[in-house]
There are 4 protein chains.
Amino acid sequence: MKFYSDNVTGCAPEILEQLVASNSLKAMPYGADELTSAAEVAFRQVFESDLETLLVATGTAANSLALAAIAPSHGAVFCVRGSHIEASEGGAVEFMTGGAKLVSIEGDAGKLLPERLEAALADHDEGASFRKPAAVSITQASELGTVYSAGEIAALASIAHGNGLKLHVDGARWANALACAGTTPAELSWRAGVDVLSLGATKNGALAAEAVLFFDSQLMQGVRERRKRSGMLLSKHRFLAVQFLAFFNSGLWLDLARHANAQAQKLRGKLAAYPAIAIVHPVEVNLVFARLPTGLTEHLAQGGAEFHQRKDGAVRFATSFATTDAEIDALIAAIDDFFESRKTNDRPADFHIPRSTPI
Amino acid sequence: MKFYSDNVTGCAPEILEQLVASNSLKAMPYGADELTSAAEVAFRQVFESDLETLLVATGTAANSLALAAIAPSHGAVFCVRGSHIEASEGGAVEFMTGGAKLVSIEGDAGKLLPERLEAALADHDEGASFRKPAAVSITQASELGTVYSAGEIAALASIAHGNGLKLHVDGARWANALACAGTTPAELSWRAGVDVLSLGATKNGALAAEAVLFFDSQLMQGVRERRKRSGMLLSKHRFLAVQFLAFFNSGLWLDLARHANAQAQKLRGKLAAYPAIAIVHPVEVNLVFARLPTGLTEHLAQGGAEFHQRKDGAVRFATSFATTDAEIDALIAAIDDFFESRKTNDRPADFHIPRSTPI
Amino acid sequence: MKFYSDNVTGCAPEILEQLVASNSLKAMPYGADELTSAAEVAFRQVFESDLETLLVATGTAANSLALAAIAPSHGAVFCVRGSHIEASEGGAVEFMTGGAKLVSIEGDAGKLLPERLEAALADHDEGASFRKPAAVSITQASELGTVYSAGEIAALASIAHGNGLKLHVDGARWANALACAGTTPAELSWRAGVDVLSLGATKNGALAAEAVLFFDSQLMQGVRERRKRSGMLLSKHRFLAVQFLAFFNSGLWLDLARHANAQAQKLRGKLAAYPAIAIVHPVEVNLVFARLPTGLTEHLAQGGAEFHQRKDGAVRFATSFATTDAEIDALIAAIDDFFESRKTNDRPADFHIPRSTPI
Amino acid sequence: MKFYSDNVTGCAPEILEQLVASNSLKAMPYGADELTSAAEVAFRQVFESDLETLLVATGTAANSLALAAIAPSHGAVFCVRGSHIEASEGGAVEFMTGGAKLVSIEGDAGKLLPERLEAALADHDEGASFRKPAAVSITQASELGTVYSAGEIAALASIAHGNGLKLHVDGARWANALACAGTTPAELSWRAGVDVLSLGATKNGALAAEAVLFFDSQLMQGVRERRKRSGMLLSKHRFLAVQFLAFFNSGLWLDLARHANAQAQKLRGKLAAYPAIAIVHPVEVNLVFARLPTGLTEHLAQGGAEFHQRKDGAVRFATSFATTDAEIDALIAAIDDFFESRKTNDRPADFHIPRSTPI
């Protein structure tokens, strides 16, 4: 019953196998090797684009390097309030850019609405604040597990570009979003106007591998140097490349994401059957947010279930490529056990929470 | 004949096995897991110290975080000219500290001499430069493959501490140095006065694993936050821990280092037998610096040998845990072939280079 | 009719005289002079405290150096949304601290309410955000011209200190606030729990002179070095000192502030007499915020009046030590002229704006 | 006998007069005023160039902002060892650029020799160091009081530009150098290939006024925002402008510089007459470096003379626009007095110091 995060898993077996298989190679360090070159080819094929890539070991590294490439130290980056770059990365963007400002905008179920972006841009006083609007950063899938369609991204990109800003996507769960959107990588990224994409593999089965994809190679200036000076250039770089080669091989990344998404739907369906449990946001990827009746959270935790307890009282269950039916069944059994013993499966009085509450 | 760097190898089999063996575990992310706790215990046992650890994926991360912990943004860090932090890490120390100054001192076969450190400290005008002397950083083994004895480190530590500075050691090849020194980890580190040690495992057989060891836990303030905000905190942190657990298991780290060192001695011995080849620095770990006669460098490179060609004309051969006798023999055979064909195994006219030349 | 800012004036004659009078002196540069020492004595007398001072030429320098002294690069600084450090200083705090986070809290007529500070601190998740709560920063008088009483400051200081944070005051208009509060400098600062005060003189009659007062000398560590490395240490430092000596001489600073405040009251009184004009915030110092009927803003601007037009539609009139009755009368005459010609002095339909709107 | 620095003086009377004369004006803050516009026109006329200007209050601000405009955070800036930006500005360049590296080159009497610059560029390994060569920065007049001719600058500019670098000049004593060079401002700057010039007025008679001149307006991108966020934008900006207007008025700046230079020549001539005193560097501007016999330094200091005692044993006398004949005569009288009493005017045994010693 390990639903705390999609980070609690190890490595997908297919990825680990490739890692082991390539281990005996001797390769030049710092990315000057054939596996890295092969990974670049794979990225270009998968995205149907002559893109440039940068491989790192963490999502925070990917996001902060991506944004430092498109926002100067006096820049403003517009994002959803509570997004990972704002709330959970310890100021990495501010640090990497040398002090850029994150301007946060209230999200709608985790997503940035075009009209709110326009309002925030209109409200921004560049002259008085000495802050150059430089980038919009959205999370796909969002922190609340919702997915932007290609059309929604295009609308945001249009506003961003129309105001001279670049569009960045934090794609820690991008494969999950792609699996949900049912379109192609190209349609959901550069064809919709995305300039830079942080494409995560770690949450979806890699050991530690994230890529920054620059769909415009002009934006790469100085990025490799920044990666080095921020300590993020791995010497045995080919191990990052190998993970992505396995990730893309035979569509593994989508298989892994589809499994995680499907398990979340399974869990959602079972939870929704309890009148006393409320599903808080649309479940589109591998995250299920729910509001539990009094006592159930503690009951589950005591029973060994792990999940994220939010400040607003809701809980988050994250499924992954490794989530088994047995885990879900065990959780449901623990819930049944709770209601059995209490016979109190009414909806709690504090049930309603608005869709846009950031959790 | 892959002698370019100790980074060209993959992972030592014993380490990879542990990585695979622990993969099916589900563990809390970001270091809140049992493997990380176990690794901390292992570090404390190995170093006989109640130290604090910080695990990262690169040596540059380790060094810059270590120095940011002991040098403020207006601090001065004294190091050997051409040391890795000065010449090869892209300004990571300056970046991570917010602008600290590296004051470089001419080394002696790569090592910092106490009298030169004292002279540099005496020469430093804190008032006029607004630079607070904060730390001394040395490399063990040095960039030229030489090793500081515990006594030599103690002499430097005494000067550093006497002037209110901390002593940091960049130990990318610390296991190799320890194997050479023939003493205990404690004797070569905190008992000799080292305050913070960047202990590398990657060059010595890990996939990507480096540790910063703080022998004084007071120095840890804010370090974990810095690691996060610089993008260096791995979500599946236990994979770093596993590598170190395997590294220390049954003295593997020393076995790997001894093999690398022994292969370097073997290579040194064979090279030294040629009158036309000069060994440039004492070979104490796994690095052999040599001066080759005209034409041999190109001959070897064309024959597929890989090694580092220095700006000063010397070459560096790095052995590793994975260097085989066959590789050495192949290199020697290629050298024999060169001399055979040329019959010119005289010492080149430009033979002499001073010991302190930074290469 | 120059009401755009208190910055539009030159230097108060008494201050300029002292500057001229001391000009022929030859003095050691960078603060090692007798005038600087005399200014330090003056500060200590005025504030009845063994404080430490740092003199700079701008308020942004003062605020960012003050906060860099008490907030690390991974720190969080709590302030009112729209406060000068957040909205109008171009990210100076983020830059000087190396990336600290400003956490903004909705103000009440520009002031921070204790309960909102407590809520923000309770809401801050240090573990998840990797952000150490480090400081609270308030503006005295606030951006909306309101004044914190000594008691109100003490309440905030108590919360800050109880949570391990320091309390900083941005006192760009501190003399105006002191004149309003009718208490002593000590009562309104350190006795109420202020740890660091940015005391502005420029807006209140100096040419360019701001001081950072550290009531706890422990907080000064590294501050002088930071001032130098950020380019804010004046070589002919005594000119900063002279301005403060004149500022404090015979209570000049309070005389200047009282005049500015009195002129604001005069203006407020006259504006309030028009039914169609709404005074937006309590007028406690030298700032008058008003909501003008349609057309009046343009009429006044065309007539040569200068004032700040806010994004929310309100306007700000700033008086100063140099504001004459004639200027006020000219403004009022222009307003009379407007209403005379329009005969439309009804309250506009959009009159009501809530007190806490940040303008 | 105040020869410690050209910073010990107050303001030149002509400049102070203009400051007083313009004081009663009310002007828009932050540079949006007519005096600032007038100063820009003056700069363009004086330099015969459609340049862009940035006014600040300190030389360190000017230099660090100038270099941050042309060097990225991963850039390398080549300069003479011991130059002001390297030795005396507390790391301002590193701080403002976000960590750029100063690569120091041994100077020749304070000046950068073209062949040494070429060697340093050739020696720089961009790939291995991750440091992009970005700028060359020289000091005019140099820290040792020597002057680059227009031809010498052109030679350096040619090398810089040929390698893709920009040429910056730290002109804290640029007026003194110009007076010595006997050419026009244009010839000594942009026509010789200078891209950015930090033009100092403070040392040459201003209260606190420095300008950064961008001869290519493309280089200005983001510079105004950086000035704000580093706290260097003065609110009553017109006071900076007024100082430069007075500085350029009727050639005042050159008159002031010529006086300072002439007094240095006078002093040099008198000192050179003593066999026991050695003049160390060519005296070309307002700095006289000398080596005094044992005991004389202390004798003069005790007699009230102020001058800079260098670590290498030499002393520096700085003259200024305000240096009187009486001060020089008093110094000479004190020297006479010393020799009279000692009768030991022999050259000291340790006389010889090489020309290129950085002091």
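The values are calculated or read from the model by the stated rules, or taken from the named source; none is laboratory data. Given the structure is predicted, the values throughout are model-derived calculations rather than measurements. Glycine gets a Cβ as well: all are built from the backbone with ideal geometry, and neighbour counts include every protein chain shown. Keep in mind that these areas ignore ligands, DNA and RNA; they rest on the heavy atoms of the full protein, side chains included. Shrake-Rupley method; radii C 1.70, N 1.55, O 1.52, S 1.80 Å.
Observations on the model:
- Residue match in segment B:1-22 (condition: hydroxyl-bearing (Ser, Thr, Tyr), within 30 Å of residue A:3 (Cα to Cα) and without any contact (Cβ under 8 Å) to a residue 12 or more places away in the chain): no
- Among (1) over 22 Å from residue C:174 (Cα atoms); (2) of a type outside the set (S, T, N, Q); (3) modelled with pLDDT under 95 - the single one residue C:90 does not satisfy: (1)
- Taking segment B:220-315 as the region of interest, the helices (runs of 4 or more DSSP H) fully inside it that hold 1 or more residues being open to solvent by 10 Å² or more (accessible area, probe 1.4 Å), within 30 Å of residue C:101 (Cβ to Cβ) and without any contact (Cβ under 8 Å) to a residue 40 or more places away in the chain are B:223-229.
- Among the residues of segment C:232-280, those that are within 22 Å of residue C:175 (Cβ to Cβ) and polar (S, T, N, Q) comprise C:243, C:249, C:250, C:261, C:263, C:265.
- Test: residue in segment D:70-80 that is within 14 Å of chain B (Cβ to nearest Cβ), open to solvent by less than 10 Å² (accessible area, probe 1.4 Å), part of a helix (DSSP H, G or I) and modelled with pLDDT of 95 or more: no
- Residue match in segment B:316-327 (condition: at pLDDT below 95, touching a Lys or Arg at 6+ places or on another chain (Cβ under 9 Å) and either open to solvent by less than 20 Å² (accessible area, probe 1.4 Å) or more than 25 Å from residue B:172 (Cβ to Cβ) (or both)): no
- The set of residues in segment B:162-187 being farther than 19 Å from residue B:262 by Cα, in contact (Cβ under 8 Å) with a residue 40 or more places away in the chain and open to solvent by less than 30 Å² (accessible area, probe 1.4 Å) consists of B:165, B:168, B:170, B:185, B:186.
- Within the option set A:100, A:61, being among the small types (Gly, Ala, Ser) and either surrounded by fewer than 24 Cβ atoms within 10 Å (Cβ to Cβ) or within 9 Å of chain C (Cβ to nearest Cβ) (or both) holds for one residue only, A:100.
- Segment B:1-24, subset more than 8 Å from chain A (Cβ to nearest Cβ) and assigned to a loop (DSSP other than H, G, I, E, B), residue nearest to residue A:12 (Cα to Cα): B:12
- Qualifying residue in segment D:41-58 (condition: in a helix (DSSP H, G or I), under 20 Å from residue D:193 (Cβ atoms) and open to solvent by 30 Å² or more (accessible area, probe 1.4 Å)): yes
- The listed residues are C:119, C:66, C:38, C:87, and the only one of them that is away from chain A (no Cβ under 14 Å) and open to solvent by 30 Å² or more (accessible area, probe 1.4 Å) turns out to be C:38.
- Residue that is surrounded by the fewest Cβ atoms within 10 Å (Cβ to Cβ), among those in segment A:150-161 that are out of contact with any Leu (no Cβ under 8 Å at 6 or more places or on another chain) and not hydrophobic (A, V, I, L, M, F, W, C): A:151
- Residue, most open to solvent (accessible area, probe 1.4 Å), within segment D:122-149, restricted to residues that are within 10 Å of another protein chain (Cβ to nearest Cβ) and of a type in the set (Asp, Glu): D:123
- Hey, residue D:27 in contact with a Leu (Cβ under 7 Å, 6 or more places away or on another chain) and part of a helix (DSSP H, G or I) or not: no
- Sole exception among (1) at pLDDT 95 or above; (2) within 15 Å of residue C:54 (Cβ to Cβ) for residue C:187, by number: (2)
- Some residue of segment B:203-219 being more than 30 Å from residue A:20 (Cα to Cα), in a loop (DSSP other than H, G, I, E, B), away from chain A (no Cβ under 14 Å) and open to solvent by 20 Å² or more (accessible area, probe 1.4 Å): yes
- Tally of residues being open to solvent by 40 Å² or more (accessible area, probe 1.4 Å) and either away from chain C (no Cβ under 14 Å) or of a type in the set (Ser, Thr, Tyr) (or both) across segment A:103-112: 1
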